[in-house]
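Everything on this sheet refers to the single structure shown next.
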Amino acid sequence: QVQLVESGGGLVQAGGSLRLSCAASRSIFDFSVMGWYHQAPGKQRDLVATITNGGRKNYADSVRGRFTISRDSVRNTVNLQMDSLKPEDTAVYYCEAEDFGRNGYWGQGTQVTVSS
């Protein structure tokens with residue numbers, strides 16, 4: 001059973017920064033891709049950023065240049081550095097991982113609130 005546990009959410013003023021972390025219960029290299037999604041109230045869950053097993057990164061247009069996804073193979077974490085935060089970034093942020101058998105796993109989510 002794979003567990004993904006997010007941490008690092010909170011309340012921040014516009015222009016500020018937060019760093020989210022997703023701790024996996026097994027090696028991050030067991031997954032073909034890992035990433036972050038967000039979901040605002042009443043909206044669908046959307047991709048924020050992903051990183052493949054080979055290290056290729058992908059970002060949503062809305063966060064490119066402001067957010068950075070990274071990974072730590074020692075701690076088995078995938079991190080999301082969020083800078084220049086905007087009120088529209090307010091959402092629950094979820095960690096997601098897909099293994100090579102195309103099985104998907106989700107964390108429980110962490111709330112990010114950006115005040116104007």
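Readers should treat all values here as calculations from the given coordinates under stated rules, not as data from a laboratory. Being a predicted model, the structure only gives us computed values, none of them experimental. Backbone-built Cβ (ideal geometry, glycine too); neighbour counts: all protein chains shown.
I want the local charge near Asn76. Using Cβ-Cβ distances under 10 Å, sum +1 for each Lys or Arg and -1 for each Asp or Glu among the other residues.
+1
Calculate, in nm to one decimal, what Asp99 and Ser73 gain on full extension: separation in residues at 0.36 nm each, minus their alpha carbon distance.
Full-extension gain reported as 7.8 nm.
With θ set to phi - 60° and the Karplus curve 6.51 cos²θ - 1.76 cosθ + 1.60, what are the ³J(HN,Hα) couplings of the stretch 108-114 in order, to the nearest whole Hz, using x for Gly and Pro?
7, x, 9, 7, 10, 10, 10
Could you check the simple spin-label distance between Ser17 and Lys43, using points 7 Å along Cα→Cβ, in nm with one decimal?
For Ser17 paired with Lys43, the spin-label model returns 2.4 nm.
With both bridge residues required to lie in the chain, what share of the DSSP beta bridges run antiparallel, to the nearest 5%?
90
What length, rounded to one decimal in nm, is gained on full extension from Trp106 through to Asn58, with 0.36 nm per residue of separation minus their alpha-carbon distance?
Once the chain is fully extended between Trp106 and Asn58, it gains 15.4 nm.
Classify the chain as rounded, prolate or oblate from the Cα gyration tensor: take a ≥ b ≥ c as the square roots of its eigenvalues, call it rounded if a/c is under 1.5, otherwise prolate when a/b beats b/c and oblate if not.
prolate
Report the residue, chosen from Asn103, Asn58, Asn79, that carries the largest GNM mean-square fluctuation when the chain is represented by alpha-carbon nodes joined by springs under 10 Å.
Maximum among the listed residues: Asn103.
Taking the Cβ-Cβ separation of Ser7 and Phe29 as r and a Förster radius of 22 Å, what is the calculated FRET efficiency to the nearest 0.05?
0.55
For the chain, what is the relative contact order in percent, using Cα pairs closer than 8 Å and at least 6 residues apart in sequence?
Here the relative contact order equals 37 percent.
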